[in-house]
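Written out below as structure tokens is the structure these notes cover.
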Amino acid sequence: MKKILFICPRNPFSERYSGDVIRAKKFIYSLSRDNYVKVISSDLKDSQKKESKLSYESFKEINFFIKIFYIIFSLIKIKPLQLGYFFSPKIKEYVQNNYQNYDIIFFQSFRTAQYMPEDNKKKCILDMGDLMSENYKQTSSRYFFFNPIRVVYYIESLLVKKYENFCFDKFTKILLLSKKEMSRVEKKYKNKLAQISFGINNINKIYRFHQKNYKIIFIGNIKYAPNKKACFEFANKILPFINEIYPDIEFHIIGEISKIDKFFLKQKPNVKVLNKVKNLKPYLGKTICGIANLRIATGIQTKLLTYMSYGIPSVCSQQVAENFDAIKESKISFYKNDKEMIKIILKLKRNKNFSLSASKRALKTIKKFKWEKVLPILNKIVA
């Protein structure tokens, strides 16, 4: 049995429908079966009763104005701004004073890499997930050339890229989600890389083709900018064209969302916003397809795995498809432009054989993404 210090940038036991939170929780549970795991993060107190079998060290969330100071300090040190946003001096102090008591230090997200102890000789594993530098680079390119937001994202992409290379140098092992992400890393770091995909808990076939199916669904954290942009673009640009042919088709958004975004989306015809729900199953009946229409995409979009686990046909952008290793096997429909997207959705609405074939392939492919098949890779790395 090994002693593992597991560092998270935010509470891994929160109810957030966010890929990094779900992934961290699964990793912690899996590792704690055969090892002693101590979890440290901000605001864990509310979770301590619920997760009483695990060991914790909780630290208070930093005041917003102090965060601003740390962000500015990060910029002065030519480091990513988000390192300053997520920085906690208490966590850094705790790690520095206690890391010698552990066999392995596990860092969830590159945002926690700043807590690596000085003169560290312990085995350090970083779950990077996807390359955020690529994400910010893609984001910056979506803005008008002279837009100051473009400049901020571009500068942050350069700072994150530099910091990612620092992580590749310092860590024993780096975990990435997809082969596409691994291909972007310099060859000299290849031996340090391991691919651990995202996973799903259960497979529940609920999809049934019917001419009266009327829902197009989007599942995800709508507070995440690319998800938010994808929802507004579909509601504003794609849905009106579809409604000209099928006035009864609705766009259903399921996930954590700000009050102001919820308000504006609900004003649009045939758009339903359901917030985050504990049980998806009751809301997925009479669905035509699930969409992943992000123009900015790195890693694996967990929404695709969710749709597939219910046998729901999926439609995704080319950017999402390029990062999904199983895109050929699953034969998920992807598009290069809005016209192609509309054409695919209408085909799924009308064509029974096409829709049922997509559902069948999804259910077959998703089996390899069950957590019980994904997590043994992690346990092997730790062992």
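Here is a yes/no grid of residues against (1) among the hydrophobic types (A, V, I, L, M, F, W, C); (2) in contact with a Pro (Cβ under 7 Å, 6 or more places away or on another chain):
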{"residue": "Glu93", "(1), (2)": "no, no"}
{"residue": "Tyr99", "(1), (2)": "no, yes"}
{"residue": "Phe107", "(1), (2)": "yes, no"}
{"residue": "Thr112", "(1), (2)": "no, yes"}
{"residue": "Asn120", "(1), (2)": "no, no"}
{"residue": "Asp130", "(1), (2)": "no, no"}
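Can you go through Asn323, Asn279, Asn270, Asn275 and tell me which one is out of contact with any Leu (no Cβ under 6 Å at 6 or more places or on another chain), within 25 Å of Ser141 (Cβ to Cβ) and of a type in the set (S, T, N, Q)?
Only one candidate passes the filter, namely Asn323.
From the set of residues in segment 51-96 that are of a type in the set (Ser, Thr, Tyr) and in a loop (DSSP other than H, G, I, E, B), which is surrounded by the fewest Cβ atoms within 10 Å (Cβ to Cβ)?
This residue is Ser52.
When you scan segment 190-207, do you find a residue that is surrounded by fewer than 17 Cβ atoms within 10 Å (Cβ to Cβ), over 21 Å from Ile300 (Cβ atoms) and outside the structural domain of Phe27 (by TED's automatic domain parsing), even just one?
Looking for residues that are surrounded by fewer than 17 Cβ atoms within 10 Å (Cβ to Cβ), over 21 Å from Ile300 (Cβ atoms) and outside the structural domain of Phe27 (by TED's automatic domain parsing), one finds at least one in segment 190-207, hence yes.
Got at least one residue in segment 252-260 being under 27 Å from Leu131 (Cβ atoms), touching a strand residue (DSSP E or B) at 6+ places or on another chain (Cβ under 8 Å) and small (Gly, Ala, Ser)?
Yes.
Find the residue count for segment 138-168, including only residues that are over 16 Å from Gln82 (Cα atoms), aromatic (Phe, Trp, Tyr) and either in contact with a strand residue (DSSP E or B) (Cβ under 8 Å, 6 or more places away or on another chain) or in contact (Cβ under 8 Å) with a residue 12 or more places away in the chain (or both).
Residues flagged as over 16 Å from Gln82 (Cα atoms), aromatic (Phe, Trp, Tyr) and either in contact with a strand residue (DSSP E or B) (Cβ under 8 Å, 6 or more places away or on another chain) or in contact (Cβ under 8 Å) with a residue 12 or more places away in the chain (or both) within segment 138-168 amount to 1.
Among the residues of segment 233-249, count how many are crowded, with 17+ Cβ neighbours inside 10 Å and without any contact (Cβ under 8 Å) to a residue 40 or more places away in the chain.
Residues in segment 233-249 being crowded, with 17+ Cβ neighbours inside 10 Å and without any contact (Cβ under 8 Å) to a residue 40 or more places away in the chain: 2 in total.
Please go through segment 259-277 and pick out each residue that is under 18 Å from the mean Cα position of the chain (by Cα) and on the phi < 0 side of the Ramachandran plot.
Lys276, Val277
Give segment 244-282 a look and list any residue that's closer than 20 Å to Ile345 by Cβ and in a helix (DSSP H, G or I), or say none.
Hits for segment 244-282 are Glu244, Ile245, Leu265.
So in segment 123-169, with the set limited to residues that are touching a helix residue (DSSP H, G or I) at 6+ places or on another chain (Cβ under 6 Å) and in a loop (DSSP other than H, G, I, E, B), which one is surrounded by the fewest Cβ atoms within 10 Å (Cβ to Cβ)?
Taking the candidates together, the pick is Tyr143.
The values are calculated or read from the model by the stated rules, or taken from the named source; none is laboratory data. Quick caveat: nothing in here was measured; it's all calculated off a predicted structure. FYI the Cβ positions are ideal-geometry reconstructions off the backbone, even for glycines, and counts take in every protein chain you see.
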